[in-house]
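Scroll down for the structure; my scribbles are underneath it.
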Amino acid sequence: FEGNTLTHDLREWNTLRRQVVSHPEFGLGGPSVNWVDLALRDGDALAELDAPDVPALAVYAGNEKIVRNDRIEAITAKWPKAKAYRVEGAEHEVLMESSEMRRQVWDQVTAFLDSHTA
């Protein structure tokens, strides 16, 4: 658990570990070189496109070490109907963080959905 980049919450971490032990088919291995290459190329291509005319919510971790927050911020900044919400102090898996951090995420999701329903 020490030094993992997914969550600060040991209970959530242990839940994930139990799930993967019980169902190894749900486990993820590290990315291949080919996967990383394609993901980087796709990310660059997507960043060059005009924003779609749809609302979007990007919730991301303030203590992110797996993906690049600057890319999330740059894309949402040029997307007129996008809202970005940074969960300060959170690691990558914001829905596996402390109950307070998860509450922040769900509050943002609920507010976003409420603002886009008739």
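Listed values, structure above:
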item: Cross-chain or 6+ apart pairs with Cβ under 6 Å, region 1-17 first and open to solvent by 60 Å² or more (accessible area, probe 1.4 Å) and modelled with pLDDT of 90 or more, then not β-branched (V, I, T) and not in a loop (DSSP other than H, G, I, E, B); result: none
item: Region 63-75, subset touching a Phe, Trp or Tyr at 6+ places or on another chain (Cβ under 9 Å) and of a type outside the set (D, E, K, R), residue most open to solvent (accessible area, probe 1.4 Å); result: V67
item: Y60 surrounded by 11 or more Cβ atoms within 10 Å (Cβ to Cβ), of a type in the set (S, T, Y) and in contact with a Lys or Arg (Cβ under 9 Å, 6 or more places away or on another chain); result: yes
item: Search result, residues across region 32-53 that are assigned to a loop (DSSP other than H, G, I, E, B) and either open to solvent by 90 Å² or more (accessible area, probe 1.4 Å) or in contact with an Asp or Glu (Cβ under 7 Å, 6 or more places away or on another chain) (or both); result: L49, D50, D53
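The values are calculated or read from the model by the stated rules, or taken from the named source; none is laboratory data. Fair warning: this is a prediction, and the values are worked out from it, not measured in the lab. Cβ sites come from the backbone with ideal geometry, for glycine too, and all protein chains shown count toward neighbours. Just the protein is used for accessible areas: all its heavy atoms, side chains included, with ligands, DNA and RNA removed. Shrake-Rupley method; radii C 1.70, N 1.55, O 1.52, S 1.80 Å.
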